[in-house]
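Just below is one structure, and these are the notes that go with it.
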Amino acid sequence: MLAVEGMPIVFLELAIGQRLRKGAIGVWAQISPYLGGIGIASTVVSFNVALYYNTIIAWCLYYLFHSFQYPLPWSECPKEYFENGSYITNMECKRSSPTQYFWYRETLDISPDINTPQSFNWKITLCLFIAWFLAYLCMAKGIASSGKVVYITATFPYIVLIIFFVRGMTLHGMADGLAHLFTPK
């Protein structure tokens, strides 16, 4: 269905939208007033996708902000200190892993079960507002300046991946890591 109906309709919408200089709703209303709902539906779908992607960007920002700490908060289990200077490692973190503990208890701040409500997660909310503000800044100038931005946003991830690949290949124990990655358990 995607190849037979979806892609041709998207191509039609883009082609007519560029010719008429109108958005999704205006294009379909121009073709026929009865088809205006298709434009509204595609706008709603685009908004839902933006909600999802901005949530992921908010998580990435949260991890970015926490990555400036040493040691990384997801590299070891948190310790509970007592007044006499002794400490114990968090038992929940011991049962899972430091990474899972940071994701579920620090980042998402989930409750143990559905009957125990947690407080509102202000840290993630602030990151979500920053993500939406960044999306607004990217769209504020309109389509005229976005052509220049594409040169950076399209190539930058590949440049970073190449840098990470080269760095990873130069680390001690690289062969052990690759063997662990590709050896089935």
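The values are calculated or read from the model by the stated rules, or taken from the named source; none is laboratory data. Keep in mind it's a predicted model, so treat the numbers as computed, not measured. A quick note on method: Cβ atoms are made from the backbone with ideal geometry, for glycine too, and the neighbour counts reach across all protein chains shown. Heavy atoms of the whole protein, side chains included, go into the accessibility calculation; ligands, DNA and RNA do not. Shrake-Rupley method; radii C 1.70, N 1.55, O 1.52, S 1.80 Å.
Brief remarks on what is shown
- Range in the chain, longest, excluding exposed GluC sites (Glu not before Pro) [loop by DSSP; at most 15 other beta-carbon atoms within 10 Å]: 84-185
- Projecting the Cα atoms of ALA58, MET139, SER97 onto the charge dipole of the chain, computed from C-beta unit charges around the Cα centre, puts MET139 farthest toward the positive end.
- Of the solvent-accessible surface of the chain, computed with a 1.4 Å probe and all protein chains present, 70% belongs to carbon and sulfur.
- 16 Å Cα-Cα reach of LYS94 towards lysines, excluding residues that sit fewer than 8 places from it in its own chain: LYS79
- Nearest-20 debye value, region 98-174 charge dipole, Cβ charges on Lys, Arg, Asp, Glu: 360 debye
- Order by protection proxy (mean Cβ within 10 Å, highest first), peptides 114-120, 156-162: 156-162, 114-120
- What the pair-distance distribution of the chain shows, using all Cα-Cα distances binned every 5 Å from zero, is 1, 6, 7, 10, 14, 13, 11, 11, 10, 7, 5, 3, 1, 1, 0, 0 percent.
- Average accessible surface for the chain: 80 Å² per residue, computed with a 1.4 Å probe over protein heavy atoms with every protein chain in place.
- Candidate aspartates and glutamates - alpha carbon under 19 Å from LYS185, same-chain residues fewer than 8 apart omitted: ASP176
- Look at the alpha carbon pairs under 8 Å that are at least 6 residues apart: their mean separation over the length of region 1-123 gives a relative contact order of 12 percent.
- Kirkwood hydrodynamic radius of region 52-107, from the reciprocal of the average inverse Cα-Cα distance over all distinct pairs: 12.6 Å.
- The orientation-averaged shadow of the Cα convex hull for region 9-68, equal to a quarter of the hull surface, comes to 5.1 nm².
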